[in-house]
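Engineer: One structure follows; several queries about it will come next.
The values are calculated or read from the model by the stated rules, or taken from the named source; none is laboratory data. This structure is a prediction, so every number in the text was calculated from the model and none was measured. Note: areas computed on protein heavy atoms with side chains; ligands, DNA, RNA excluded. Shrake-Rupley method; radii C 1.70, N 1.55, O 1.52, S 1.80 Å.
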Amino acid sequence: GESVGLHLPTLSVQEGDNSIINCAYSNSASDYFIWYKQESGKGPQFIIDIRSNMDKRQGQRVTVLLNKTVKHLSLQIAATQPGDSAVYFCAETLTNDYKLSFGAGTTVTVRA
Amino acid sequence: SQTIHQWPATLVQPVGSPLSLECTVEGTSNPNLYWYRQAAGRGLQLLFYSVGIGQISSEVPQNLSASRPQDRQFILSSKKLLLSDSGFYLCAWRIGAPPYEQYFGPGTRLTVT
């Protein structure tokens, strides 16, 4: 469900290192998952998605891993850049459900 | 391509005043539309969603209301604002068929004083 009342966890990463952002989702029946990036003062931006029939999906510098056994989703960012500093949200949904359930979000700060 | 607009970008309103935030989507037809609120440093709270003109589902009972007078227009309103209504209001849309990702607007920063 929605974690609107929680303060966001943080991740500090050295520029050039790889980042791993984790998310525990709540509904074992969820079959579609999305990662969003939200920069300060802006709306969330779609990064990458994955369906439950996949374990891994790669995009440009990003990889999403899905472990349905433990209901865990991760986002890996390769060679993290200053522009990657943002809050990252995972979201889950069921086919035919109109709504997304968002995770609490993780604040990523990239150190120069 | 599709674009989503929200206005105003920022708003400062006194307690007890009315509110009207507007969201419009271009480049698509019959989208599902959503209103979220985000408190500072917090996650996203779904307020309302709509699957068609005049169809509004409320997720959180409060002094806010939503309306969808046209296919690609979604309005968030209040008759009397409370201090707790302050936050970042986001509108989002998605198509009615898979894939189900939602696309967000730029948001409206509301401060109730």
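Engineer: Roughly how many percent of the accessible protein surface of the protein assembly as shown is carbon and sulfur, given a 1.4 Å probe and a whole-percent answer?
Structural biologist: In the protein assembly as shown, the share of accessible area belonging to carbon and sulfur is 51 percent.
Engineer: What ³J(HN,Hα) values, in whole Hz, does the Karplus curve 6.51 cos²θ - 1.76 cosθ + 1.60 give for the range A:68-73 when θ = phi - 60°, with x put for Gly and Pro?
Structural biologist: With the stated coefficients, the range A:68-73 comes to 6, 4, 10, 6, 10, 10 Hz.
Engineer: Using 0.36 nm per residue, how much length does the chain from B:Gln55 to B:Arg109 gain when fully extended, once their Cα-Cα distance is taken away?
Structural biologist: Result for the pair: 16.9 nm of gain on full extension.
Engineer: Additional query: Which value, in nm² and rounded to one decimal, describes the direction-averaged projected area of the C-alpha convex hull of chain A?
Structural biologist: Orientation-averaged projected area of the Cα hull: 6.9 nm².
Engineer: Under 5 Å between amide H atoms, partner at least 5 residues away or on a different chain: which partners does A:Asn18 have, H built in plane at 1.01 Å?
Structural biologist: So A:Asn18 has HN proximity to A:Ala79, A:Thr80.
Engineer: Further question: Pop out the ³J(HN,Hα) list for the range B:14-27 in order, Karplus 6.51 cos²θ - 1.76 cosθ + 1.60 with θ = phi - 60°, rounded to Hz; leave Gly and Pro as x.
Structural biologist: x, 3, x, 7, x, 9, 8, 10, 10, 9, 10, 10, 10, x
Engineer: Moving on. Please list the non-local residues whose amide H lies under 5 Å from the amide H of A:Ser85, H modeled 1.01 Å from N, same-chain partners needing a gap of 5 or more.
Structural biologist: When sequence neighbours closer than 5 places are left aside, the close amide H contacts are A:Val110.
Engineer: Cα to Cα, under 17 Å, and not fewer than 8 places away if on the same chain: which aspartates and glutamates meet these conditions relative to A:Lys71?
Structural biologist: Candidates past the 8-residue exclusion: A:Glu2, A:Asp31, A:Asp49, A:Asp55, A:Glu92.
Engineer: Hey, what's chain A come to in accessible area per residue, 1.4 Å probe, Å²?
Structural biologist: 50 Å²
Engineer: Convert each backbone phi in the range A:22-35 into a coupling constant with the Karplus relation 6.51 cos²θ - 1.76 cosθ + 1.60 (shift: θ = phi - 60°), then list the ³J(HN,Hα) values in order as whole Hz, x for Gly and Pro.
Structural biologist: Ordered by residue, 3J(HN,Hα) equals 10, 8, 9, 8, 9, 10, 5, 8, 4, 10, 8, 9, 9, 10 Hz.
Engineer: In the P(r) worked out for chain B, what percent of Cα pairs fall beyond 17 Å?
Structural biologist: Working: 3192 of 6328 pairs.
When every Cα pair of chain B is considered, 50 percent fall beyond 17 Å.
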